[in-house]
Amino acid sequence: MNVPGVGGSAGQAVSAGAQKTISQSDFLQLLMQQMQNQDPTQPMDSSQMVTQLAQISQVSATQSLQTSFDTLSKALQGNQMLQASSMVGRNVTVPSAAGTLGTGGLDGAVNVPDGAGQVLVQVTDTAGNVVRSINLGTPATGLSAFHWDGTGDDGAALPAGVYGLKAQAGGTAIATYVNGKVNGVGMTSDGVYLDVAGFGGTLLSQVAQVN
């Protein structure tokens, strides 16, 4: 902050530290020197001094508040990491429009809206062709699980790999989910994420269910 009218040693101090940030303590010291070295015939403007004090107090309070927020944010992130680590080895359900077929088949779920009617899940290959249709009937509202054994509509076993998932309830498209085992946890700028087998990384906030 620029302090007008500072002379003598105070003026030299400002010049020498022009490239440095002036703290509240530095400001008060400069102000005291300014008062001690002021011209008796041209005394300091008291209203200007009050304004300067108010400004430096506001800046100091803002910096202190920001420091507190940063400390709280780091503490919360650390707590989230600790909580997420307890999920390693467990199965979770995460939103996805594709799933990986393994030796045990593919487990997933659909989000059934209220009064949805009949629910149909379709599995598609890389070309978008429907290879298997699974009729879930009329399940209750909320997440409804399904299992695909890896066979096509003709009963033939299909090769392992990634397959598309889509579902509809009463002719309206609904969200699909896949199940996977949590292999690890990590942290990004967006928050804590889980490394889910057969799916990859997903934010902790996106987990729909822990099984």
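Readers should treat all values here as calculations from the given coordinates under stated rules, not as data from a laboratory. Keep in mind it's a predicted model, so treat the numbers as computed, not measured. Counting neighbours? That spans all protein chains shown, and the Cβs are built from the backbone with ideal geometry, glycine included.
The set of residues in segment 174-190 that are more than 21 Å from Gly102 (Cα to Cα) and buried (at least 16 other Cβ atoms within 10 Å of the Cβ) comprises Ile174, Ala175, Val185.
When segment 154-181 is limited to residues that are in a strand (DSSP E or B) and free of Cβ contacts under 8 Å to residues at least 12 places away in the same chain, the one that is farthest from Val210 (Cα to Cα) turns out to be Ala157.
Out of all the residues in segment 165-195, which are over 23 Å from Ala140 (Cα atoms) and hydrophobic (A, V, I, L, M, F, W, C)? Within segment 165-195, Val182, Val185, Met187, Val192, Leu194 qualify. Looking at Gly171, is it surrounded by fewer than 17 Cβ atoms within 10 Å (Cβ to Cβ) and on the phi > 0 side of the Ramachandran plot? So Gly171 fits the description; yes.
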